[in-house]
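S.K.: Shown below is the structure under consideration.
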Amino acid sequence: MRPIRGIVKGGKNIYGFPIGILMLHTQFPRIPGEMGNAYTWDFPVLYKVVKGASVTRVVEESDPKLLEPFITAANELVNEGVSAVTTNCGFLAMFQRELAEAIPVPVFTSTLLMVPMVHRMLKPSQKVGIISVNASTLGEKQFRGVGIEGIPCVCTGLETEEHFSRTLIQNRFELDVDKAREEHRRVARRFVEENPDIGAIVLECTNMPPYAEDIREVTGLPVFDIVTLVNFVYHSLVKPEYRGLM
């Protein structure tokens, strides 16, 4: 860390948290690699739980009544000093435009925001593959929220499996990591076999980064997840030579 010199300015209550994370109200385990586990990050993050924001209300119901609680919580994070706000559920892409309008700092709700960039990296004949916690409820609201309608992509989800998706949606207290890993590998392998024109994969679910390497291994494709996106935004806010000084 460089020595602090000269005059510094106040105005915040706490310092050193460039990224604020809006959390769903859950109890299921969050292992390293997931957004909700602080060991995932090489830098400090500030968490804010949105009371009443269950996985069911967000993923299965797309409940519009949650918008105001998320706006309130996001502004609380800003008041506490964060420089950008993200969320720990990709389905909150449905609120991207409203949150961005209501919050005075950059907001990135979902890895779905990366889909246009990833698509531009591929051959015109290729598609972006999206793996979701529940592909059956991922669709127009989320795609419209982040402006990716019309981009060639194909989706699959883990709702076809017995353990991972149900653990999250039913808010279970235990997670079998080995079983979850095998489900990710099986779904990803089947996904690319059925869609050989996939050129890269985006993980919608913020609980999937711990399994990204498994997905890369069985598909041979680049895999983008929420950790990719958060690090991307972080490095736009805190350059390496200034890390730890904001």
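S.K.: Residues of region 30-82 being at pLDDT 95 or above and among the polar types (S, T, N, Q), which ones?
M.R.: Within region 30-82, N37, T40, T72, N75 meet the criteria.
S.K.: A further question follows. Within the set of pairs 6 or more residues apart or between chains, which connect a residue that is free of Cβ contacts under 8 Å to residues at least 24 places away in the same chain inside region 45-62 to a residue that is in a helix (DSSP H, G or I) and crowded, with 18+ Cβ neighbours inside 10 Å with Cβ atoms less than 8 Å apart?
M.R.: Final answer for the pair search is R57/L66.
S.K.: Just the residues that are of a type outside the set (A, V, I, L, M) and open to solvent by less than 30 Å² (accessible area, probe 1.4 Å), please, taken from region 23-39.
M.R.: F28, G33, E34, G36, N37
S.K.: Picking from E174, E149, E162, which residue would you name as being touching a residue at least 60 places away in the same chain (Cβ under 8 Å), open to solvent by 70 Å² or more (accessible area, probe 1.4 Å), among the acidic types (D, E) and in a loop (DSSP other than H, G, I, E, B)?
M.R.: It is E174.
S.K.: Looking at region 203-220 only, could you name the residues that are of a type in the set (S, T, N, Q) and within 17 Å of V154 (Cα to Cα)?
M.R.: Answer for region 203-220, where residues must be of a type in the set (S, T, N, Q) and within 17 Å of V154 (Cα to Cα): just T219.
S.K.: Could you please tell me which pairs satisfy a Cβ distance under 6 Å, a separation of 6+ or placement on different chains, a first residue in region 188-210 that is within 18 Å of M121 (Cβ to Cβ) and at pLDDT below 95, and a second residue that is surrounded by fewer than 15 Cβ atoms within 10 Å (Cβ to Cβ) and not hydrophobic (A, V, I, L, M, F, W, C)?
M.R.: If the second residue must be surrounded by fewer than 15 Cβ atoms within 10 Å (Cβ to Cβ) and not hydrophobic (A, V, I, L, M, F, W, C), no pairs are left.
S.K.: Taking region 196-225, which residues are aromatic (F, W, Y) and surrounded by fewer than 24 Cβ atoms within 10 Å (Cβ to Cβ)?
M.R.: Within region 196-225, just F224 meets the criteria.
The values are calculated or read from the model by the stated rules, or taken from the named source; none is laboratory data. From a predicted model like this one, the values you see are computed outputs, not experimental measurements. So basically every Cβ, Gly included, is an ideal-geometry build from the backbone, and we count neighbours across all protein chains shown. Side chains are part of the model used for accessible areas, which takes the heavy atoms of the whole protein and leaves out ligands, DNA and RNA. Shrake-Rupley method; radii C 1.70, N 1.55, O 1.52, S 1.80 Å.
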